[in-house]
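The values are calculated or read from the model by the stated rules, or taken from the named source; none is laboratory data. Owing to the predicted nature of the structure, the values given are computational and were not obtained by experimental measurement. A quick note on method: Cβ atoms are made from the backbone with ideal geometry, for glycine too, and the neighbour counts reach across all protein chains shown.
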Amino acid sequence: MGFAVIGGILAFLSVAVGAFGAHVISSRISSDMLSVYHTGDQYQMYHALALIAVGILIRLNIGGKSMHAAGWLFFIGTVLFSGSLYILSTTGTKAAAIGALTPLGGLCFLAGWVCFIVGLVR
């Protein structure tokens, strides 16, 4: 399965998660936690679109190993960053292990964008 397909799946899930948040979760969690939930959803969509771009660029033979690395980092970052925010906002858990995943996901995003840029300029 290519990165464009993974990005499409993550974009689809982002729309579903956003609708779930707007119609089901919004009345069950605080406005602060709803904001956290929406942040996870926004970053999921941004990086789903980035994965689609990565997949297209790889098919065009642009970016090489750097572009592949960007794809994996965007995917892992989405799972860690958005996934941890969904868990934290909907469960109310204060587990340090879950909270620690958010910045790790953010670092994956940042590293992914560096790899994306490197892939474009090579």
Test: residue in region 66-85 that is over 27 Å from GLY119 (Cβ atoms), in contact (Cβ under 8 Å) with a residue 24 or more places away in the chain, buried (at least 16 other Cβ atoms within 10 Å of the Cβ) and not polar (S, T, N, Q): yes
Single residue of ALA53, ALA48 found to be farther than 27 Å from ARG28 by Cβ and at pLDDT 95 or above: ALA53
Looking only at region 29-47, and only at residues there that are farther than 25 Å from LEU60 by Cβ and without any contact (Cβ under 8 Å) to a residue 24 or more places away in the chain, the one that is surrounded by the fewest Cβ atoms within 10 Å (Cβ to Cβ): SER31
Conditions (1) among the aliphatic types (A, V, I, L, M); (2) touching a residue at least 60 places away in the same chain (Cβ under 8 Å); (3) closer than 20 Å to SER14 by Cα: number failed by LEU57: (3)
